[in-house]
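The values are calculated or read from the model by the stated rules, or taken from the named source; none is laboratory data. Model, not experiment: these values are computed from the prediction. Note: ideal-geometry Cβ built from the backbone for every residue, glycine included; neighbour counts use all protein chains shown.
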Amino acid sequence: MKMNFTARQMRVFDSVKENAEKKLAKFDKFFKDGAEMDITFSMPNGSEMVEITIRSQGIVFRAEEAADTFATAIDSATEALERQIRKNKTRLQKKLKSDAFTIIDDDLNGDNEEEEYVQNVRTKTFPFKPMGVEEAILQMNMLGHDFFVYKDADTLETCVVYRRKHGGYGLIVPE
């Protein structure tokens, strides 16, 4: 698996990168060749944060953890990714056969200031691939987001599926 390391407004020591490579190497058994892992290190508010994103065959797994040390944050993020993979293993095997997922790309240069009151706007772009509601919910859960925008396979309309505060899911469909 190809690992890409990024440090935001800081420098990461080689020992931290080597530690991350060792701990994240166990994900090679879950993914075929061609999978990519992005590991981003940052220090917001004095805590050390690690964000790990794995992209393989159009499926995205993501975990973001903050801790006192990068080693602890890497351990927590690794456990979160393992839980996601185990939780969705059978559903993923079904969906991979039908190639139902799309790759979501982060725009790393997405911080823009358009007006004085708008700060730190992060722009994300991704290709729309028609999918059903169940696939959209699965993709949303794997990303760990509260909503997911997708193109409905039946109507080809842009729809939004979201997690409701009191449990369950909601669907927004244009008129």
Filter the range 12-44 down to the residues that are surrounded by fewer than 17 Cβ atoms within 10 Å (Cβ to Cβ), of a type outside the set (A, V, I, L, M, F, W, C) and touching a strand residue (DSSP E or B) at 6+ places or on another chain (Cβ under 8 Å) and list them by number.
K17, E21, K32, G34, E36, P44
Check on R122, under 23 Å from K87 (Cβ atoms), without any contact (Cβ under 8 Å) to a residue 24 or more places away in the chain, out of contact with any helix residue (DSSP H, G or I) (no Cβ under 9 Å at 6 or more places or on another chain) and surrounded by fewer than 15 Cβ atoms within 10 Å (Cβ to Cβ)
no
Determine which single condition E134 fails, assuming it passes every other condition in (1) surrounded by 15 or more Cβ atoms within 10 Å (Cβ to Cβ); (2) at pLDDT 70 or above.
(1)
Check on I59, of a type in the set (V, I, T), crowded, with 18+ Cβ neighbours inside 10 Å and at pLDDT 90 or above:
no
Could you figure out which of (1) at pLDDT below 90; (2) surrounded by fewer than 17 Cβ atoms within 10 Å (Cβ to Cβ); (3) in contact with a strand residue (DSSP E or B) (Cβ under 6 Å, 6 or more places away or on another chain) isn't true of Q9?
(3)
F41 vs (1) among the aromatic types (F, W, Y); (2) modelled with pLDDT under 90; (3) closer than 24 Å to M140 by Cα: all pass except (2)
